[in-house]
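**Student:** Encoded as structure tokens, here's the structure I'll be asking about.
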Amino acid sequence: MSRRVRLIINLLFIAAVVAFCAIYVSRLDWGKVAGVKISPAFMLLSVTAGVAYLFLSTFIWIRMLFRLNPAVRPSWDLLAVYAKSWMGRYIPGKVAWIAGKIHFASRFGIPASQLGVTSFLEAGIQMATQLIISLAIVLADGHFGMLPDGLRLLTLLAILGLVVSLLPPVFNLAISLLLKIMKRSVDHNVTVTWTAVGEMTVLYSVGYLLLGATYFFSLGSFMPDLDPALFAFTTAGISIAGTLGILALFAPSGLGVREGFIVLFLSLVMPVELAVVSAVVLRAAALLMDFAFLGACLAGRWLFGRGVAVA
């Protein structure tokens, strides 16, 4: 790809992210939080935990790339790639989230096929891990039976679809068929192993606690008397809502879909009015988290120099 074409694609990506972020912000019902007192300290803790989760996600992705290609090295370049691509979630269709990693990282000598495999796998395991742990929590505390039948079925179908598609034999077969359809031969490793899937699952299970802290501190920023015993359920409910929002390909970053499910879950443990406010506050916190992560990665690349992505 020529430098001019790459520049045009980069500018179009940035313009799309800015445009849809503006739409995203304008569509939030800020009137719901009018008069709500937000604790800056708790919001800072929420954003910090969220940024830590995104750094962990980047490490998981780079680790998977290393498993396929031992020449890959951690670098601020790859951190910046992940951060920019993460913002692609705000573009409807979610294609930019995956394609962004392939486009931005391919210039560092990493094969596009390996970038595609790791990007799909990382996104899938991230969502599947959150859904499975969250389902176990809501089943254990008895709230699952209180949810609408449609939501219970949708959650179970999402888990089943993700788990089956991520099984290494199934995933590798799908990749092989895709490459044949595209009539492309690959001279490098694109095979996913059980060890890789297991390692990513364990790491995302650890990251689940960071997500829980992000959500709980966001809620605590305007509900100082929030019962710590609700940590597990709020994490589970918001995680399921977020994953279903991602699967709603038509919505920028799941806008509207995620909020609806958050209200459904949280209204089981708090008044509906507070659940609605929670949905808006959580969205604002997520926006701050995403931009803070992007800023940290771009600043790190600028301050510490550009590392070598591939040795």
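The values are calculated or read from the model by the stated rules, or taken from the named source; none is laboratory data. Please read these numbers as outputs of a predicted model, since none were measured by experiment. Virtual Cβ from ideal backbone geometry, glycine too; neighbours counted across all protein chains shown. The protein model used for the area step is the full one, side chains on, heavy atoms only, and it has no ligands, DNA or RNA in it. Shrake-Rupley method; radii C 1.70, N 1.55, O 1.52, S 1.80 Å.
**Student:** Does any residue in the range 51-77 that is acidic (Asp, Glu) come within less than 7 Å, Cβ to Cβ, of a residue that is part of a loop (DSSP other than H, G, I, E, B) and buried (at least 19 other Cβ atoms within 10 Å of the Cβ) six or more places away or on a different chain, and which pairs are these?
**Tutor:** Going by the 7 Å Cβ cut-off, the qualifying pairs are ASP77/ALA309.
**Student:** Considering only residues that are open to solvent by less than 50 Å² (accessible area, probe 1.4 Å), modelled with pLDDT under 85 and not in a helix (DSSP H, G or I), which ones fall in the range 24-53?
**Tutor:** Passing the criteria: LEU28, VAL36.
**Student:** If you don't mind, there's one more thing I want to ask. If the requirement is being buried (at least 22 other Cβ atoms within 10 Å of the Cβ) and touching a strand residue (DSSP E or B) at 6+ places or on another chain (Cβ under 7 Å), which of these qualifies: LEU65, LEU121, LEU79?
**Tutor:** Just a single option satisfies the conditions, and that option is LEU65.
**Student:** Which is of a type in the set (Gly, Ala, Ser), assigned to a helix (DSSP H, G or I) and modelled with pLDDT under 90, of GLY237, GLY260?
**Tutor:** None of the others qualify; the one that does is GLY260.
**Student:** While we're on this one: Of (1) open to solvent by less than 30 Å² (accessible area, probe 1.4 Å); (2) over 17 Å from the mean Cα position of the chain (by Cα); (3) under 23 Å from TRP61 (Cα atoms); (4) of a type in the set (S, T, N, Q), SER239 satisfies all except one. Which?
**Tutor:** Status for SER239: all satisfied but (2).
**Student:** I need a count of the residues in the range 105-118 that are of a type outside the set (S, T, N, Q) and either open to solvent by 20 Å² or more (accessible area, probe 1.4 Å) or not in a helix (DSSP H, G or I) (or both).
**Tutor:** Qualifying residue count for the region: 6.
**Student:** Among (1) open to solvent by less than 20 Å² (accessible area, probe 1.4 Å); (2) without any contact (Cβ under 8 Å) to a residue 60 or more places away in the chain; (3) touching a Leu at 6+ places or on another chain (Cβ under 9 Å); (4) not aromatic (Phe, Trp, Tyr), where does ILE102 come up short?
**Tutor:** All conditions pass for ILE102, except number (1).
**Student:** When you go through (1) open to solvent by less than 40 Å² (accessible area, probe 1.4 Å); (2) on the phi > 0 side of the Ramachandran plot one by one for GLY142, which number turns out not to apply?
**Tutor:** So GLY142 meets the others, but not (1).
**Student:** If you don't mind, another one. Taking the criterion of being of a type outside the set (Gly, Ala, Ser), free of Cβ contacts under 8 Å to residues at least 60 places away in the same chain and open to solvent by less than 10 Å² (accessible area, probe 1.4 Å), would at least one residue in the range 2-23 satisfy it?
**Tutor:** Scanning the range 2-23, I find no residue that is of a type outside the set (Gly, Ala, Ser), free of Cβ contacts under 8 Å to residues at least 60 places away in the same chain and open to solvent by less than 10 Å² (accessible area, probe 1.4 Å), so the answer is no.
**Student:** Can you run down the residue pairs with Cβ atoms below 6 Å, 6 or more apart or on separate chains, where the first is in the range 229-241 and free of Cβ contacts under 8 Å to residues at least 40 places away in the same chain and the partner is crowded, with 24+ Cβ neighbours inside 10 Å and assigned to a helix (DSSP H, G or I)?
**Tutor:** Filtered contacts from the range 229-241: THR234/TYR215; ALA241/ARG258; ALA241/PHE261; ALA241/ILE262.
**Student:** Considering only the range 198-228, state which residues are open to solvent by 80 Å² or more (accessible area, probe 1.4 Å), more than 30 Å from ALA112 (Cβ to Cβ) and part of a helix (DSSP H, G or I).
**Tutor:** Listed by number, the residues that qualify are LEU209, PRO228.
**Student:** Taking the condition of a type in the set (Ser, Thr, Tyr), over 14 Å from ILE132 (Cβ atoms) and not in a helix (DSSP H, G or I), does THR195 pass?
**Tutor:** no
**Student:** Return the pair list, or none, for Cβ contacts closer than 8 Å from residues in the range 155-174 that are under 28 Å from GLY145 (Cα atoms) to residues that are in a helix (DSSP H, G or I) and open to solvent by 50 Å² or more (accessible area, probe 1.4 Å), at least 6 apart or on different chains.
**Tutor:** Matching pairs, first to second residue: ALA158/LEU247; ILE159/ILE132; VAL163/ILE132; VAL164/VAL170; SER165/ALA174.
**Student:** Look through the range 174-192, keep the residues that are modelled with pLDDT under 80 and assigned to a loop (DSSP other than H, G, I, E, B), and return whichever of them is least open to solvent (accessible area, probe 1.4 Å).
**Tutor:** Checked the range 174-192; the qualifying residue least open to solvent (accessible area, probe 1.4 Å) is VAL186.
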